[in-house]
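Only the coordinates and a few stated rules stand behind these numbers; no lab work does. Every value quoted in this text rests on a predicted model; they were computed, and no experiment measured them. In this analysis, Cβ positions are derived from the backbone assuming ideal geometry, glycine residues included, and neighbour counts consider all displayed protein chains.
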């Protein structure tokens, strides 16, 4: 894991939050954990904010096993889930004169019904907490974190979350409108976010990625730092003279010719989709190869992590 | 009447398989609807729907189909408006439709989509389709479409929301009368926390909306019961090789916990074996690429074998579908895909 501007011994003034976003199933969680693991191995303390509650995440990745297999790295790597309900309760508790009154209000049915129904409250709470975590990186005290990675939810919910800060300001009043305004400003500040949309090189995913980029840039005034093209084949990274085409291998038996035709077809799809991305978006594009086989989650994450050369320098 | 609900995470080909299944039924002579409750509009390209149209008959003249295939995209706004008009008295309905928070709720209340899915399904049932195939949202949270109506029923039928609605009105009309001091105190605290305008708007809205919600809840309960009946409904899990074991475990568990009948699991997009004997002088990058395809494909097949072994006897149909050359688009491509589906 290399990259200019990575924190070494001295803490820089500001480190962006790294955000992996994009369509469902493109590998946001894998990239988040792989980058986190890479940082953790180099001795930084990392927090990965998962978009899934930890029991759900455990169905995809076994953090327990990673802890057992690489305790040194795991000691620096914390994976957490932000439960908006808890955050709201904590925010409110601080405002009460006594815990008795706090408990009475926060357990009241009126309160419980309202926070479920009120549009955007939970999103605001989530973003506030994320920002708070980001700020703890700046504290010199022990236990502060060096890197913060947000494994964002799939596109629709991700945009809804970012958008809610505005909506709040537009439609509603109260103490949250002010918070919404502040958050909106914080998350559109270039230096605060390193946003990396993740995509696979398939038609639907690429279309959604181009649209996501445009919505972020024009609708929300947030500028993505680059694109991660995940699960690509090694051919895409090979040099031009080794281009795979139909003349490459001739005189194959029919079964093998059919297999080759399949490979060529997949390869053409990848090429075309990468071209579409390149002609639509400024990049830079980071190619991350699909790991063909692995025997443990740690092995998979290590293999992905080794490929992540995503520059994590503070964007200019 | 038969209902099939397709579930799966993103990018597994759920819409394509749901559409191909519906096409198969139409070719058999049924009047069939494929209904997408996910806003990703994938169905529009898959079945060539005209822009702006939310329900359309698909042209099958080329295939000499004896049945009909219809495609529909759920329009949350239209379904909600319809529910309001259907379950409310005219004056009530108008008050709701004109309420400022009505629009905010639709735009930002996470779950409104899921809430209205049941309503939309109910509408489709009334339109007399023989088979209804539902394409759910591409996430693990797709099941919320099944949870939410019941959550809503509970919320709406709980005395609290009624109290909240009524409390607000009393608060407005006769301040401090007939409500206990403790209730008012708590209410005042909540208002201070969340903001007066927000709280009052929501309470005002709900005090009208809950009468409508009762009508909705009644029908939602009936529809949810239909979804639990294995004679009418089957749930189909769709996954891809590398997600197969985990996705299936997750969805099968969640469905069983809710007592919904799991009918099938399909592992979609399995690559061919790719066993190409290379000449010794083949350029190294090409050799490496073919080896990579071979390795990925072998790993996929292992995942499929494992899934089949794990679920034989537990889920009635455990099926595989190969990766087709291009992203399936248009009826012709769906027809091709349908040939790979096992006949029912």
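Values for this structure:
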{"item": "Peptides ranked, highest mean first, by Cβ atoms within 10 Å: ranges B:303-315, B:225-237", "result": "B:225-237, B:303-315"}
{"item": "Zone of residue B:295's modelled label, taken as backbone nitrogen in region A:214-237 under 16 Å from a point 7 Å along Cα→Cβ", "result": "A:231-237"}
{"item": "Most to least packed among A:31-43, B:11-23, B:87-99, A:93-105 [average Cβ atoms within 10 Å]", "result": "B:11-23, A:31-43, B:87-99, A:93-105"}
{"item": "Highest average packing first - B:70-80, A:256-266, Cβ atoms within 10 Å", "result": "B:70-80, A:256-266"}
{"item": "Calculated FRET value between residue A:144 and residue A:72, using beta carbons and R₀ = 22 Å, to 0.05", "result": "0.65"}
{"item": "Inter-chain Cβ neighbour average for residues A:262-274, partner chain, 10 Å", "result": "3"}
{"item": "Residues residue A:59 and residue B:288, FRET efficiency given R0 of 51 Å [Cβ-Cβ distance, rounded to 0.05]", "result": "0.95"}
{"item": "Chain lengthening between residue A:185 and residue A:236 when straightened (0.36 nm per residue, less Cα-Cα)", "result": "14.5 nm"}
{"item": "Virtual spin-label span in nm between residue B:196 and residue B:231, 7 Å along Cα→Cβ", "result": "5.9 nm"}
{"item": "Gain on full stretching of the segment that runs from residue A:293 to residue A:221 - 0.36 nm per residue minus C-alpha separation", "result": "22.0 nm"}
{"item": "Per-residue average of Cβ from other chains inside 10 Å of B:296-304", "result": "2"}
{"item": "Where labels lie 7 Å past Cα in the beta-carbon direction, separation of residue B:275 and residue B:341 in nm", "result": "3.2 nm"}
{"item": "Shielding of B:284-294 by partner chains, average beta-carbon count, 10 Å", "result": "6"}
